[in-house]
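Undergrad: A single structure is presented below for examination.
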Amino acid sequence: MRLQKAMSYLGLCSRRKAEELIKLGKVKVNGVLISEMGYLVSLNDKIEIIGEIKKEQNLDKVTFLFNKPLGVVSSVKDDRGRKVVIDFFKNENYRLYPVGRLDYNTSGALLVSNDGELTNLVTHPSTHLNKTYIATINGFVKDLHLQELRDGVELEDGMTERALVKLISRNDNKSVVSLTIHEGRNRQVRRMFNHFGYEVKNLHRESIGFLNLQGVERGKYRKLSNSEVIQIKELCKKNKEKNVIPTYKSK
Ligand code: URA
């Protein structure tokens, strides 16, 4: 990722401010002064702004599973002053950032980490990690539409891959559907339902891979164990190497 983008992603400053600081020769990467705009870095690189006094941070790698409430931005800082995910981690002395994102109005499972390798693996489309969502939509969802959601839906950015779709309940006013997908396109679940004219009233992510929110209340988090971190990385690497695309039952 470009240096200025990484600085804003990590919450060090805005992207514009980062560009200014780079031009002024005030940014070091792994101890080396960088004045090249667009210099490529990884999230594991040590990025510092010269002259800024920061309290000493714990550099050990750590990942948390967070149960994101509604009305929270998946980022480190928000220009509009809204509550952000990292506000919930004030007691943790790590430079944390969200791994991917959930919409402001989506609740549920979100990883928060300082581990660049884990972030790249979990967010990269080639690792095909399953994510399960519970969507509450307006109206009675038709069987035909459930089948099309399973088989693939034509969106502006192309056809969606096969999905695992289970009907939980439905009546004339609302339907509740569980949907497992392994792509991470922007607002994908909402757009898949919008395609048929349904409106998603509520969206909650239940799980990421084998990690679910059991025992993690809304607005709370738990630290992943070393073995969970190893397993999630291994799962992503295996999927990527073997190009394993999850297959789901057609009904
Ligand atoms: N799909 C959406 O539409 N929104 C999210 O937050 C996640 C997946």
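Undergrad: Could you work out the pair-distance distribution P(r) of region 3-49 from its alpha-carbon pairs, with 5 angstrom bin width and percents rounded to whole numbers?
TA: Result, from short to long distances: 5, 27, 41, 24, 2 percent.
Undergrad: Here is a follow-up. If the cut-off is a Cα-Cα distance under 14 Å, which aspartates and glutamates reach LYS83, setting aside same-chain residues fewer than 8 apart in sequence?
TA: Output for LYS83: ASP103.
Undergrad: Report, in debye and to the nearest 20, how large the dipole of region 7-77 comes out about its Cα centre when Lys and Arg carry +1 and Asp and Glu carry -1 on their Cβ.
TA: Once rounded to the nearest 20, the dipole reads 220 debye.
Undergrad: Any idea of the accessible area per residue across region 123-184, 1.4 Å probe, to the nearest Å²?
TA: Per residue, region 123-184 has an accessible area of 47 Å².
Undergrad: Expressed in nm to one decimal, what extension gain is obtained for the pair SER126 and LYS142 from 0.36 nm per residue of sequence separation less their Cα-Cα distance?
TA: Gain in length upon complete extension: 2.6 nm.
Undergrad: Hey, another quick one. Which one, ARG191, ARG82, ARG205, has the greatest fluctuation when you compute a Gaussian network model over the chain with C-alpha springs under 10 angstrom?
TA: ARG82
Undergrad: Place a point 7 Å from Cα of ILE245 in the direction of its Cβ. Which residues in region 172-211 have their backbone N less than 17 Å from it?
TA: Under 17 Å, as judged by backbone N against the label point of ILE245, lie 180-185 of region 172-211.
Undergrad: Restricting the calculation to Cα positions, tell me the Rg (one decimal) and the Dmax (whole number) of region 130-208 in Å.
TA: When restricted to the Cα atoms of region 130-208, Rg and Dmax are 11.2, 31 Å.
Undergrad: Sticking with this structure for a sec: For region 215-244 and region 125-182, what is the centre-to-centre distance using only Cα atoms, to the nearest Å?
TA: 23
Undergrad: Using just the helices of the chain, give the 222 nm mean residue ellipticity in deg cm²/dmol: DSSP H runs with n ≥ 4 each add -39,500 (n - 2.57), and the total is spread over all residues, rounded to 500.
TA: -6500 deg cm²/dmol
Undergrad: Over region 75-183, how many percent of alpha carbon pairs lie in each 5 Å bin up to the one with the longest distance?
TA: 2, 10, 16, 18, 17, 14, 12, 8, 3, 1, 0
Undergrad: What is the sum of charges, Lys and Arg at +1 and Asp and Glu at -1, for the other residues whose Cβ falls under 12 Å from the Cβ of ASN130?
TA: Around ASN130, the surrounding residues sum to 0.
The values are calculated or read from the model by the stated rules, or taken from the named source; none is laboratory data. None of the values given here were measured: they were computed from a predicted structure. Cβ sites come from the backbone with ideal geometry, for glycine too, and all protein chains shown count toward neighbours. Protein only, heavy atoms only, side chains kept; ligands, DNA and RNA dropped before computing areas. Shrake-Rupley method; radii C 1.70, N 1.55, O 1.52, S 1.80 Å.
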